[in-house]
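In what follows, a structure is listed as structure tokens, so that the remarks can point back to it.
The values are calculated or read from the model by the stated rules, or taken from the named source; none is laboratory data. Treat the numbers as computed from the prediction; the structure is a model and nothing was measured. Backbone-built Cβ (ideal geometry, glycine too); neighbour counts: all protein chains shown.
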Amino acid sequence: MSSVARAGAVVQVYFDNASTSYPKPEEVYRATLGALENLGGNPGRAGHRKSLEAARAVLEARETVARLFNIEDTSRLIFTLNATTALNMALKGLLSAGDHLVTTSMEHNSLMRPIHGLEQNGVEVEVVQCDIEGRLDPGALINALKPRTRLIAVIHASNVVGTINPIAEIGKHARTRGIPLLVDAAQTAGSLPIDVEADCVDLLACSGHKGLLGPQGTGLLYIKEGIELEPLIEGGTGSSSEDLAQPSLFPDRYESGTLNTPGVVGLGAGVKYILEAGLEKIRGREVKLTTLLLEGLNAIEGVEVYGPPKAEERMPVVSFTAKGMDPASIGQRLDDEFGIMTRVGLHCSPAAHKTIGTFPEGTVRVSMGYFNTGDEVEYFLDSLDSMLKR
Ligand SMILES: Cc1ncc(COP(=O)(O)O)c(C=O)c1O
């Protein structure tokens, strides 16, 4: 029995970090609560001290987050509610009838649903098929490009099986052809290095509440200079108020309405924590945990694991099924009997499940984060093994 189970207290193992990370670093709790308690003003709206203090804190968070992605002009980093909002802003702001879009068969519904809507309105969509482990062949993606291709949209890593796509390689091809690249980095930001300059990323969409360790209700969209997006939301920005038209000034053009100041400040604290810990250390820990998990799962009779066999090729997101038991029952019993929280079903990614052959039943997904431990992985493996043997 692992030390997790021996500890005596009620066992709770959180393995749903791909959905939203938990716990957050202490610094994030303190910064978020501190903003709620002390930064009472509306940032960028007034000249009084509370508004200015809030604006300064938001600017500081923007600069910290920009540093992680090597975003030089920090005003091009837009705070959003989540990755879904960022993806919608990019897709609907850029594409119109007659445009051609190339994407992959591993995308999340946060991209698949808006592009389905765009398709109904005359955008031509080409979905490049990935292999059964979720791997994208960059050559197939390049072959799908047309003179009318207005955007390439690629998931950086799958939220179902963790498979990592070579965005820098795709970015270089896209840049040579003058086609913008949109990267959905919801599963990789905060773990893998992303350099918008070196990787030739034109639009970067991320959650703030997953690997970036910020509170829920945070996300971001980076818009490279020269990319023109029609704003999805228009309204009050605190700037150019005399003008009825939406201002062209960044980030105001895309940040109408009062910002989630406590969330943004918390996100800044999460990213500061990541910068101080170092991506290499975070990634190293995640690879170690994933190796342990993959080895253990492969050793349990009747368990089938999906995705690349090596931990280095994937994020700490592992999907599996077990012979004779449906994913929903496994997830329920892991929670009820062992206090282990996983996610079951389609993970908002039916296209990815069709690609890996697990549609419509889906899988059990274990997704780990920096704060999970090897003991927790062992406890999970012992628990699953004993449950399946019963
Ligand atoms: C790959 C991917 N894209 C987009 C999203 C949507 O993220 P959010 O919940 O921040 O909107 C998720 C969430 O799981 C995801 O995994």
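Residue pairs whose Cβ atoms lie under 6 Å apart, separated by 6 or more positions or on different chains, with the first residue in the stretch 17-44 and closer than 13 Å to TYR273 by Cβ and the second of a type in the set (Lys, Arg), are SER21/LYS210.
Run down GLU286, GLU295, GLU337 and say which single residue is of a type in the set (Asp, Glu) and within 16 Å of the ligand (Cβ to nearest atom). I'd like the intermediate steps shown before the answer.
Details: GLU295 fails: within 16 Å of the ligand (Cβ to nearest atom); GLU337 fails: within 16 Å of the ligand (Cβ to nearest atom).
Going through GLU286, GLU295, GLU337 in turn, the sole match is GLU286.
Restricting to the stretch 140-167, name every residue that is out of contact with any helix residue (DSSP H, G or I) (no Cβ under 9 Å at 6 or more places or on another chain) and either away from the ligand (no atom under 16 Å from the Cβ) or on the phi > 0 side of the Ramachandran plot (or both). Of everything in the stretch 140-167, those that are out of contact with any helix residue (DSSP H, G or I) (no Cβ under 9 Å at 6 or more places or on another chain) and either away from the ligand (no atom under 16 Å from the Cβ) or on the phi > 0 side of the Ramachandran plot (or both) turn out to be ALA140, ASN143, ALA144, LYS146, PRO147, ARG148.
Residues that are part of a helix (DSSP H, G or I) and buried (at least 16 other Cβ atoms within 10 Å of the Cβ) within the stretch 125-154 comprise PRO138, LEU141, ILE142, listed in sequence order. Inclusion of GLY93 among residues that are more than 16 Å from the ligand (Cβ to nearest atom), surrounded by fewer than 20 Cβ atoms within 10 Å (Cβ to Cβ), over 18 Å from the mean Cα position of the chain (by Cα) and within 30 Å of GLU124 (Cα to Cα) is warranted.
Checking the conditions here, which among LEU141, LEU95, LEU111 is in the same structural domain as PRO262 (by TED's automatic domain parsing) and closer than 23 Å to ALA198 by Cα?
LEU141
Scanning the stretch 259-283 for residues that are in a helix (DSSP H, G or I), more than 15 Å from LYS24 (Cβ to Cβ) and of a type in the set (A, V, I, L, M) yields LEU275, LEU279. Take ARG113 and tell me if it is surrounded by fewer than 21 Cβ atoms within 10 Å (Cβ to Cβ) and without any contact (Cβ under 8 Å) to a residue 12 or more places away in the chain. Spelling it out, ARG113 is indeed surrounded by fewer than 21 Cβ atoms within 10 Å (Cβ to Cβ) and without any contact (Cβ under 8 Å) to a residue 12 or more places away in the chain. Annotation: of all residues in the stretch 69-87 being part of a helix (DSSP H, G or I) and buried (at least 22 other Cβ atoms within 10 Å of the Cβ), the one that is nearest to the ligand (Cβ to nearest atom) is ALA83. Applying the condition of being touching a Lys or Arg at 6+ places or on another chain (Cβ under 9 Å) and hydroxyl-bearing (Ser, Thr, Tyr) to the stretch 266-312 and asking which residue is surrounded by the fewest Cβ atoms within 10 Å (Cβ to Cβ) yields THR291. If I filter the stretch 107-124 down to residues being in a helix (DSSP H, G or I) and not hydrophobic (A, V, I, L, M, F, W, C), which single residue comes out as farthest from the ligand (Cβ to nearest atom)? Among those residues, the one meeting the criterion is GLN120.
Condition check ((1) in a helix (DSSP H, G or I); (2) within 13 Å of the ligand (Cβ to nearest atom); (3) more than 9 Å from the chain's Cα centre (by Cα)) across all residues:
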{"residue": "GLU169", "(1), (2), (3)": "yes, no, yes"}
{"residue": "VAL183", "(1), (2), (3)": "no, yes, yes"}
{"residue": "GLN187", "(1), (2), (3)": "no, yes, no"}
{"residue": "ILE194", "(1), (2), (3)": "no, no, yes"}
{"residue": "CYS200", "(1), (2), (3)": "no, no, yes"}
{"residue": "HIS209", "(1), (2), (3)": "no, yes, no"}
